[in-house]
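Since the structure comes first, as structure tokens, the remarks are kept for the end.
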Amino acid sequence: MTTKSFFATRSGSRSRLSAVGKAISYLALAFVGALLVSAVAKGLLGASLLQLAQGGTATGTARAVLLLLGLVIAPTALVLRIFKEPFQLSAWAFGSAMRLTVCGLATGLILLAVMAGLMWLLGAVTFGIATPTISSAISGLLMSAILWLAQAAGEEGLHRGYAFVQICRAISFWPTAVLSSAWFMYGHIGNEGETVLGIIAAGLLGLALSYSLLKTGSLWFALGFHASWNFSQSFVFGFHNSGGKPLASLLSATLDGSPLLTGGTTGPEASLLVLPVLIVLFAIIQRVAVPTCERSDSPTFSTPTTR
């Protein structure tokens, strides 16, 4: 079997059922991992994962790293070992990883900055300085960078990693992308300050990041964009992020306009401005796509064949 066929939809019901079984095995291990890291947090840090999330940047970062280890890194390593499968099936193939990550980071920052700038020009938001000293700005920047990179890696690996690839092998790419995005939306429902528009936008952004996996063969662009988008919203501009208040920020954002423009308590992703941003994002993903012939260590997706 060539590397190009690793993510291709399987032919035959037995092969597809096997792919579903592998996805379920991963999710079961991730569930066990969540229980284990919850126990570790309680035992070593004296707080639940929820309490860590409600604390400061340091505790939030500890939570994100624990969840990354328990829900993504450990389960992925185990299923690859158990089923004797290549690393490419993790969706973290290293080909073009640096270029794609940098492109994702730049795209998230620029698109969020454009949205913030338009809100400011339209008088919908005003910004003030939130970080009083250079030392606190630097420490906040470093901690926030680690926080959002770890959280983005965790969410991308869980929603669009090994299990995503296996379901693609069973039912093809776009149905899997829709299911994954619906799951991603569901994960935002309980967020304090979240709105219907914010939940819908999360699903659409999930589809865009799934598309980046299709076009690049890995999650590196999605990781960069996801981390930079959240980092820019929270730390750089001081907006709410998916309903959550920023733990630390350089600027403070005071909303003066309609929630349809500013996103209100959800943050910019619930703004109607996110619609043209999504169009631009899809175009950028198409632009940075890695040609199939250049994916030496990542597979492609194909349509299923019947038997």
Where does helix 173-188 land angle-wise versus the long Cα axis of the chain, in degrees 0 to 90, nearest 10?
40 degrees
Heavy-atom accessible area per residue - the chain, 1.4 Å, Å²:
46 Å²
So I have [x] 44, 21, 16; [y] 33, 23, 17; [z] 31, 23, 16, and one of them is semi-axes √(5λ) of the Cα gyration tensor in Å calculated from this model. Which one is it?
[y]
Roughly speaking, to the nearest percent, how much of region 51-92's 1.4 Å accessible area is carbon and sulfur?
68 percent
How large is ³J(HN,Hα) for each residue in region 94-100, as worked out from phi by the Karplus curve 6.51 cos²θ - 1.76 cosθ + 1.60 (θ = phi - 60°), to whole Hz, x for Gly and Pro?
7, x, 6, 4, 5, 4, 5
For the chain, calculated [θ]222 nm from helices alone, where every DSSP H run of n ≥ 4 adds -39500 (n - 2.57)
-19500 deg cm²/dmol
Positive end of the dipole of the chain, charges at C-beta (+1 Lys, Arg; -1 Asp, Glu), about the Cα centre: which of Phe239, Leu251, Ala182 has its Cα farthest in that direction?
Ala182
Evaluate the distance, in nm, between pseudo-label points positioned 7 Å from the Cα of Gln51 and of Phe87 along their respective Cα→Cβ axes.
3.8 nm
Give, rounded to the nearest 20 debye, the magnitude of the charge dipole that the chain has about its Cα centre when Lys and Arg contribute +1 at Cβ and Asp and Glu contribute -1 at Cβ.
1160 debye
Charge-dipole axis of region 1-122 as Lys and Arg at +1 and Asp and Glu at -1 on Cβ define it, positive-most pick from Phe87, Phe31, Leu67
Phe87
Ranked packing of 202-208, 224-230, most packed first, by mean Cβ within 10 Å:
224-230, 202-208
Distant-in-sequence amide H partners of Gly244 (H built 1.01 Å from N, under 5 Å)
none
Length-normalised contact order of region 1-154 in % [C-alpha pairs under 8 Å, at least 6 apart]:
30 percent
Toy charge model, Lys and Arg Cβ at +1, Asp and Glu Cβ at -1: region 81-197 dipole around Cα centroid in debye, rounded to 20, equals 420 debye
How many percent of the accessible area of region 138-196 is carbon or sulfur, using a 1.4 Å probe?
75 percent
May I have the count of lysine pairs in the chain with C-alpha atoms under 23 Å apart, counting pairs 8 or more residues apart or located on different chains?
4
Return the FRET efficiency for the residue pair Asp256, Ile171: r is the Cβ-Cβ distance, R0 is 35 Å, and the value is rounded to the nearest 0.05.
0.15
To the nearest 10 degrees, how steep is helix 134-160 against the longest Cα principal axis of the chain, on a 0 to 90 scale?
30 degrees
Counting Lys and Arg as +1 and Asp and Glu as -1, each charge on the Cβ, what is the dipole of region 1-126 about the Cα centre in debye, to the nearest 20?
500 debye
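The values are calculated or read from the model by the stated rules, or taken from the named source; none is laboratory data. Fair warning: this is a prediction, and the values are worked out from it, not measured in the lab. Please note: Cβ atoms are built from the backbone with ideal geometry, for glycine as well, and neighbour counts cover all protein chains shown. The area values use the complete protein model at the heavy-atom level, side chains included, leaving out ligands, DNA and RNA. Shrake-Rupley method; radii C 1.70, N 1.55, O 1.52, S 1.80 Å.
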